[in-house]
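*Asks:* Here it is, the structure, as structure tokens.
The values are calculated or read from the model by the stated rules, or taken from the named source; none is laboratory data. What you see is a predicted model; the values in this text were computed from it and never measured. In this analysis, Cβ positions are derived from the backbone assuming ideal geometry, glycine residues included, and neighbour counts consider all displayed protein chains.
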């Protein structure tokens, strides 16, 4: 498992958004994305919501570790195309939780 502890209030706003949307996006994408398992609540010791995610096996993508760069690029392109094809209707509107990213 992976624990995500936001380091500032602005990042903490993303936790609830990720818990709502990552499970909806995951089956529509050709590569794995983190699956939220649990959400922690703020306490006196840690002031923001935090997350626990299922671990995705793999290694950090570096040029030295990528055996087939064209295949890697094609897989990444397929992921981005699939992500862009997802209907954003009903998705999160621009706001503090995504640093006011505009809809495209």
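*Asks:* Find the strands (runs of 3 or more DSSP E) located wholly in the stretch 1-78 whose residues include 2 or more that are closer than 25 Å to residue 92 by Cβ, free of Cβ contacts under 8 Å to residues at least 24 places away in the same chain and over 12 Å from the mean Cα position of the chain (by Cα), and list them.
*Replies:* Qualifying strands (runs of 3 or more DSSP E): 36-40.
*Asks:* Same structure, new question: For the stretch 54-85, what are the residues that are in contact with a helix residue (DSSP H, G or I) (Cβ under 8 Å, 6 or more places away or on another chain) and within 28 Å of residue 5 (Cα to Cα)?
*Replies:* Those that are in contact with a helix residue (DSSP H, G or I) (Cβ under 8 Å, 6 or more places away or on another chain) and within 28 Å of residue 5 (Cα to Cα): 61, 83.
*Asks:* Quick check: anything in the stretch 68-85 at positive phi and at pLDDT below 95?
*Replies:* no
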